[in-house]
Amino acid sequence: LTEAYKNFIKVFEDVCKKTEQTVAKVGCEFFEYFGLQLEPIQLSTYMPGCYYGWHSDYSPEVLRRLSFTIQLDNYDEYEGGELQFKDHDLPESALHKGALIIFRSELRHRVTPVIEGSRHSLVGWFR
């Protein structure tokens, strides 16, 4: 492995560990969810034409309790690709690079079609 790739893996592992700690703490303090277990974190990439329709991350078969996403791009680096919630509006600060959005997994949400550029985020779920 190249040194750059080793560094990337180390940074990614650190981000995952800090994210897991932060979301688990929020889960306990704000949602009163204890003993949460993190599923593998995924990198999502939306290119022009890509979207994710209305859905919930919870089902009786998949007992996810908390979901999260981390914005990896600023909203001015792509057009479209907006994360939306059915009954809740996100503040503008949630559109900035590095924003961590934590929500109950049963909330219906979507990502609108990307029109131009590409949108990247880390997404994950706790059971």
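The values are calculated or read from the model by the stated rules, or taken from the named source; none is laboratory data. Keep in mind the model is a prediction, meaning the values are calculated, not measured. Methodologically, a virtual Cβ is constructed for each residue, glycine included, from the backbone with ideal geometry; neighbour enumeration extends over all protein chains shown. With ligands, DNA and RNA removed, areas are computed over all heavy atoms of the protein, side chains included. Shrake-Rupley method; radii C 1.70, N 1.55, O 1.52, S 1.80 Å.
Numbers for the structure displayed
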| read-out | value |
| --- | --- |
| Pick from segment 1-42, criterion among the polar types (S, T, N, Q) and in a loop (DSSP other than H, G, I, E, B), ranking: most open to solvent (accessible area, probe 1.4 Å) | Q37 |
| Residue ranges of strands (runs of 3 or more DSSP E) in segment 43-127 with at least 3 members aliphatic (A, V, I, L, M) and either under 13 Å from the mean Cα position of the chain (by Cα) or surrounded by 15 or more Cβ atoms within 10 Å (Cβ to Cβ) (or both) | 100-104 |
| Filter result for F103 (without any contact (Cβ under 8 Å) to a residue 40 or more places away in the chain and under 12 Å from W125 (Cα atoms)) | yes |
| Residue count, segment 41-96 (criterion: at positive phi and free of Cβ contacts under 8 Å to residues at least 60 places away in the same chain) | 2 |
